[in-house]
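> Below is one structure. I have some questions about it.
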Amino acid sequence: MLSLFEEKELPESQPEFSFADVILPVPIPRMFTYKIPRNLYSEIQIGARVIVQFGRKKILTGIIGKVHNKPPQAYEAKPILEVLDHQPSVNPLQIRFWAWMAEYYCCHIGEVMHAALPSGLRLSSESRIQVNPNFDKENSPYPLDEREEKILDALENQSELSYDDCEKVLGIKTIHPILKSLVTKEAILIFEKVQEKYSPKIETRIRLRSDLAHNKEALEELFAQLSGKVKQESILLKYLRDVPVFQKPELNEKGLDKSTLLEEGDSESSLKTLIKNGVFESFKVVVNRLEEIQPERTASELSPIQQEAVDSIKSQFEEKQTVLLHGITGSGKTEIYIRLIQEVLESGSQVLLLLPEIALTTQIVSRLQEVFGSQMGVYHSKYSDNERVEVWNGVLSGRFSFVVGVRSSLFLPFDSLGLIIVDEEHESSYKQFDPAPRFHARDAAIMLGYFHQAKTLLGSATPSFESYFNAQQGKYGHVELHQRFGDAQLPEFYLADLGADRRKNLLKVDSTRLLREKIQEALDKNEQILIYQNRRGYSPYVQCEDCGWTAECVQCDVSLTYHQFSEELRCHYCGYKEKVPTSCPACGSTQLSTKGMGTERIEESLSLLFPEARLGRMDLDTTRNKYGYQRILDEFGSGQIDILVGTQMITKGLDFGRVTVVGIWDGDRILNFPDFRAGERAFQQITQVAGRAGRRSVKGQVVIQTRNPEQDIYAKVIAGDYKNFFRVEMAERKQFYYPPFVKLIKITTRHADFKTAEKAAIALHREMAQIAVKKIVLGPERALIGRIKNQYQFESLIKLDRSGATQQEFKKRLAEILEELQARSEFRSVRWIIDVDPS
Ligand SMILES: [Zn+2]
Ligand SMILES: [Zn+2]
């Protein structure tokens, strides 16, 4: 025990805190306060994992989010039972980022923690115990008491026990002191169930017995002995070819991967014989899942215009944290990024480059890899969890000072970011829809940059209106690049009038004569064609010609899409599927027809119209497995596909020199989206997909099929007139109170019973109307899709004044209101989904 005298001796630089707020993996929107026991004072650190009791029975692992001296008012704080980490698992900057995200996006910090940690590092719901494999009961210097013996006996029958199990074994409630004593006596280990999920990759390697590797004569003798044993001889030869021990005996140490050594046809049993006879030895090593890659080239020379952009970005960073790089498609933004990244890495800071979807941007990733090699980590959305943990650990250990990743890479354990780049910052896939936190990676990146005092560069050919607005207001710096790199030229646009062709009978399966001519010309010159339609499947409707019945999902209020390949009707919202009916379920007629064109049907009709062309298709259905996307890209890149039909996937950063024609199958479909961002989106999508045409010296051609060629937006896209388009749309947004002039929050109320959902939505609306801040509350209205997975949905839209104080006050009151409503028995099973800055 400490005497008073000793207590005074504690250095002042280490203030003592009596309480810690712990982030727990439970669905309750707050941190929980625990008492810090005196003996743990020195071990408590923000970000460290601790074991605590939660509720009456549960023992949970949590992360310390905050330390302070304020006792909780509503309950008596329980003590922290154990500190698991000597080094914190999560750094204070990360905790700060989590806390900001929870507050801004109206979710709880436990949800952010859940999203942030790869599941291999996630906290389990419960801690468990096992026997310490090093424990030797007979020779242990510590005698065990009766209760401790009982626990160890129980562990003989079961390899692991939960705290609950231990309570049952002993028939008492407070078991932690006993377990703690067992840990001190090194008899048991406390561990987390889920943490074991991460398993290092083990490789079996083979090497020559070491004296053979260093003795040429012995080796020659060995060959003589093996003569006639063809199989064994060939394995030995193969080994010596891959590991030239004659020249460099030290190479033998690392050996050769067993699967590399055993080529097809080589028998495992011959190798076994060689090992048995002491020629080879087998050993195991832990290997990285992530390949070592050596840099292949230095960065390219910048053009004078690119160099000017780099200089301008750097000088604007002197004054501003965020700079918008507005560079048209094909202007060579990647080389500009490379230059900036190199400079920041040389200064010793870390760099994060965000991409909307890595699988769709393999070209930029391989270009970066050529320059940065293994210094660069890639955080891929299709990576396995083990691979994610290795990237995480690579950032922690300093192996990766530069990471290219999707939105979740914002959560990696960076401690000194100097630069964050958000490429294609306008992309809607930066927004996480489900589950919480429903964050926007671009906005979160700017906040993360702020915490690190790092610079943030936003890059786009078609900036989001929010970012452009901020640049115009002087909040962000702004650099423009209006010239394509090299001799590449901007494409030529054509509007193909679907209505006129129909009247003249020139339409063939929804393709205009102009589009067909352009395709044919390109095919004749051995050039490639991209066809864009953002709708997968064969056709979006199946309808009865006699009574008008359409096939609908049984769980959602949407029509089912016909997929010819699998001969099924599928719901794109809930995954429900059924066989195509042979007759109308309403009237019995067999006159069922498909309406509308999905990518599958466009591919089919183009193959009929151009029988000599080789067709390919890229959409969710053809790219489901890890390599599906890459395979199609490779085929297209090597010229095995002439016409590639695809959804939005083909608009993202593809760079193929032989694409000269881009066809937009249904331009109107892009425009007619019921959202205030429809115009902005259409401008972005059409410009992006058009940007795929003519990336080298040949001028590209873009054909937009439309029923309304006179629409103003087409003229603006064709003229590349972003500024004017922005000005007109902004005037409208200002007049009707839309972002960036207000902040939006969308709240969806969901319940399986229509009446309950409606009642709950109205109750929420009434309460929100009372909150005394500057705001407009719209709704509640039935959602555009009134029912999904048998849940009825109502939506309210809140337009808030942009001031920080208004937003904080509203969000705080909203949380309280929802807690009150949820407590009412009639609304207990209602779900409320809050989406801040919906898109
Ligand atoms: Zn019918
Ligand atoms: Zn459905």
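> Listed residues Leu155, Leu144; which is assigned to a loop (DSSP other than H, G, I, E, B) and at pLDDT 85 or above? Reasoning before the result, please.
Numbers: Leu155 fails: assigned to a loop (DSSP other than H, G, I, E, B).
Going through Leu155, Leu144 in turn, just one is assigned to a loop (DSSP other than H, G, I, E, B) and at pLDDT 85 or above: Leu144.
> Only one of Arg49, Arg96, Arg56 is over 25 Å from Glu16 (Cα atoms) and either touching a residue at least 40 places away in the same chain (Cβ under 8 Å) or open to solvent by 10 Å² or more (accessible area, probe 1.4 Å) (or both); which?
Working: Arg49 fails: over 25 Å from Glu16 (Cα atoms); Arg96 fails: over 25 Å from Glu16 (Cα atoms).
The unique qualifying residue is Arg56.
> Here is a follow-up. Using beta carbons and a limit of 8 Å, which pairs, at least six apart or on different chains, have the first residue in the stretch 551-563 and more than 15 Å from Gly596 (Cα to Cα) and the second one more than 9 Å from ligand 2 (Cβ to nearest atom) and open to solvent by less than 10 Å² (accessible area, probe 1.4 Å)?
Correct list of pairs: Asp557/Gly786.
> Right, another one. When residues of the stretch 721-747 are filtered for being closer than 21 Å to Val777 by Cα and crowded, with 17+ Cβ neighbours inside 10 Å, how many remain? Walk me through how you get there before you give the answer.
Restricting attention to the stretch 721-747, the residues satisfying the condition of being closer than 21 Å to Val777 by Cα are 732-747.
Then keep just the ones that are crowded, with 17+ Cβ neighbours inside 10 Å; that gives 733, 738-740, 742-747.
Final tally of qualifying residues: 10.
> Scanning for something within 16 Å of ligand 2 (Cβ to nearest atom), in contact (Cβ under 8 Å) with a residue 60 or more places away in the chain and not small (Gly, Ala, Ser), does the stretch 542-549 turn up at least one residue?
The initial filter retains those residues of the stretch 542-549 that are within 16 Å of ligand 2 (Cβ to nearest atom), namely 542.
Now drop any that are not in contact (Cβ under 8 Å) with a residue 60 or more places away in the chain, which leaves none.
Checking the stretch 542-549: not a single residue is within 16 Å of ligand 2 (Cβ to nearest atom), in contact (Cβ under 8 Å) with a residue 60 or more places away in the chain and not small (Gly, Ala, Ser).
> Would you check if there is a residue in the stretch 586-595 being within 16 Å of ligand 1 (Cβ to nearest atom) and of a type in the set (Lys, Arg)?
Looking for residues that are within 16 Å of ligand 1 (Cβ to nearest atom) and of a type in the set (Lys, Arg), one finds at least one in the stretch 586-595, hence yes.
> Here is a further query. Would you mind finding the one in Gly588, Gly537 that is in contact with a Gly (Cβ under 7 Å, 6 or more places away or on another chain) and part of a loop (DSSP other than H, G, I, E, B)? Even if it seems obvious, please write down each step before you answer.
Values: Gly588 fails: in contact with a Gly (Cβ under 7 Å, 6 or more places away or on another chain).
On inspection, the qualifying residue turns out to be Gly537.
> Being more than 16 Å from ligand 2 (Cβ to nearest atom), over 28 Å from Ser839 (Cα atoms) and of a type in the set (D, E, K, R) is true for just one of Arg614, Arg681. Which residue is that? Lay out the reasoning, then the answer.
Details: Arg681 fails: over 28 Å from Ser839 (Cα atoms).
Going through Arg614, Arg681 in turn, the sole match is Arg614.
> Would a scan of the stretch 722-734 turn up a residue that is assigned to a loop (DSSP other than H, G, I, E, B), touching a helix residue (DSSP H, G or I) at 6+ places or on another chain (Cβ under 9 Å), within 25 Å of Lys475 (Cα to Cα) and without any contact (Cβ under 8 Å) to a residue 60 or more places away in the chain?
At the first step, the residues of the stretch 722-734 found to be assigned to a loop (DSSP other than H, G, I, E, B) are none.
For the stretch 722-734, residues assigned to a loop (DSSP other than H, G, I, E, B), touching a helix residue (DSSP H, G or I) at 6+ places or on another chain (Cβ under 9 Å), within 25 Å of Lys475 (Cα to Cα) and without any contact (Cβ under 8 Å) to a residue 60 or more places away in the chain: absent.
> What number of residues within the stretch 551-563 are near ligand 2 (Cβ under 9 Å from one of its atoms) and either in a strand (DSSP E or B) or surrounded by fewer than 16 Cβ atoms within 10 Å (Cβ to Cβ) (or both)? Step through it out loud before you land on a result.
Taking the stretch 551-563 and keeping what is near ligand 2 (Cβ under 9 Å from one of its atoms), we get 552-558, 560.
Right, trim to either in a strand (DSSP E or B) or surrounded by fewer than 16 Cβ atoms within 10 Å (Cβ to Cβ) (or both) and you get 552, 554.
So the answer is 2.
> All but one of (1) open to solvent by 30 Å² or more (accessible area, probe 1.4 Å); (2) over 25 Å from Leu396 (Cβ atoms) hold for Val26, so report the exception by its number.
Here Val26 meets the rest and fails (1).
> Please determine, by comparing only the residues of the stretch 799-817 that are within 20 Å of Val830 (Cα to Cα) and under 28 Å from the mean Cα position of the chain (by Cα), which one is modelled with the lowest pLDDT.
Ala815
> Related question: Regarding the stretch 100-115, can at least one residue be identified that is more than 30 Å from Leu744 (Cβ to Cβ) and not in a strand (DSSP E or B)? So that I can check it myself, show each step before the final result.
As a first pass, look at the stretch 100-115 and keep what is more than 30 Å from Leu744 (Cβ to Cβ): none.
Checked the stretch 100-115: no residue is more than 30 Å from Leu744 (Cβ to Cβ) and not in a strand (DSSP E or B).
> Going by the conditions given, is Lys789 modelled with pLDDT under 95, on the phi > 0 side of the Ramachandran plot, of a type in the set (D, E, K, R) and surrounded by fewer than 19 Cβ atoms within 10 Å (Cβ to Cβ)? Let's see the steps before the verdict.
Numbers: modelled with pLDDT under 95: yes; on the phi > 0 side of the Ramachandran plot: yes; of a type in the set (D, E, K, R): yes; surrounded by fewer than 19 Cβ atoms within 10 Å (Cβ to Cβ): yes.
The answer is yes for Lys789.
> Out of the residues in the stretch 780-792 that are under 20 Å from Ile745 (Cβ atoms) and free of Cβ contacts under 8 Å to residues at least 60 places away in the same chain, which is farthest from ligand 2 (Cβ to nearest atom)?
The selected residue is Pro780.
> Please go through the stretch 574-603 and give me each residue that is touching a residue at least 60 places away in the same chain (Cβ under 8 Å) and more than 16 Å from ligand 2 (Cβ to nearest atom), ordered by number.
Of the residues in the stretch 574-603, the ones touching a residue at least 60 places away in the same chain (Cβ under 8 Å) are 574, 596-602.
Hits for the stretch 574-603 are Gly596, Met597, Gly598, Thr599, Glu600, Arg601, Ile602.
> Looking at the stretch 825-839, which of its residues are in contact (Cβ under 8 Å) with a residue 24 or more places away in the chain and open to solvent by 70 Å² or more (accessible area, probe 1.4 Å)?
Passing the criteria: Glu826, Ser829, Arg831.
> Still on this structure, please answer the following. Return the residues of the stretch 533-550 that are within 13 Å of ligand 1 (Cβ to nearest atom), over 26 Å from Tyr792 (Cβ atoms) and open to solvent by less than 30 Å² (accessible area, probe 1.4 Å); say none if nothing qualifies. Write out each step before concluding.
Step one: filter the stretch 533-550 for residues within 13 Å of ligand 1 (Cβ to nearest atom), giving 542-550.
From the residues that got through so far, the ones that are over 26 Å from Tyr792 (Cβ atoms) too are 544-547.
Residue satisfying the conditions is Cys544 alone.
> Here is a follow-up. Could you run through the stretch 42-99 and say how many residues are in contact with a helix residue (DSSP H, G or I) (Cβ under 9 Å, 6 or more places away or on another chain), part of a helix (DSSP H, G or I) and more than 17 Å from Leu24 (Cβ to Cβ)?
3
> Would it be correct to say that Val777 is surrounded by 14 or more Cβ atoms within 10 Å (Cβ to Cβ), of a type outside the set (Lys, Arg) and touching a residue at least 40 places away in the same chain (Cβ under 8 Å)? Working first, answer last.
Working: surrounded by 14 or more Cβ atoms within 10 Å (Cβ to Cβ): yes; of a type outside the set (Lys, Arg): yes; touching a residue at least 40 places away in the same chain (Cβ under 8 Å): no.
For Val777, the condition - surrounded by 14 or more Cβ atoms within 10 Å (Cβ to Cβ), of a type outside the set (Lys, Arg) and touching a residue at least 40 places away in the same chain (Cβ under 8 Å) - is not met.
> State whether the residues of the stretch 165-173 include one that is touching a strand residue (DSSP E or B) at 6+ places or on another chain (Cβ under 8 Å) and closer than 30 Å to Ile798 by Cβ. Explain how you work it out, then say what you get.
So in the stretch 165-173, the residues touching a strand residue (DSSP E or B) at 6+ places or on another chain (Cβ under 8 Å) come out as 166, 169.
With closer than 30 Å to Ile798 by Cβ added as a condition, the list becomes none.
Looking through the stretch 165-173, none of the residues is touching a strand residue (DSSP E or B) at 6+ places or on another chain (Cβ under 8 Å) and closer than 30 Å to Ile798 by Cβ.
> Among Ser583, Ser566, which is the only one that is within 16 Å of ligand 1 (Cβ to nearest atom), open to solvent by less than 60 Å² (accessible area, probe 1.4 Å) and either farther than 27 Å from Thr687 by Cβ or not in a helix (DSSP H, G or I) (or both)? Quick ask: steps written out before the conclusion?
Details: Ser566 fails: within 16 Å of ligand 1 (Cβ to nearest atom).
Answer to the selection: Ser583.
> Identify, please: which residue in the stretch 685-712 is at pLDDT below 80 and more than 32 Å from the chain's Cα centre (by Cα) and is, among those, surrounded by the most Cβ atoms within 10 Å (Cβ to Cβ)?
First pass over the stretch 685-712, keeping only residues at pLDDT below 80: 694-698.
Filter again for more than 32 Å from the chain's Cα centre (by Cα), leaving 697-698.
On the way: Ser697: 10, Val698: 18.
The extreme case among them is Val698.
The values are calculated or read from the model by the stated rules, or taken from the named source; none is laboratory data. Every value quoted in this text rests on a predicted model; they were computed, and no experiment measured them. Cβ sites come from the backbone with ideal geometry, for glycine too, and all protein chains shown count toward neighbours. Remember, those area values only see protein heavy atoms, side chains included, never the ligands or the DNA or RNA. Shrake-Rupley method; radii C 1.70, N 1.55, O 1.52, S 1.80 Å.
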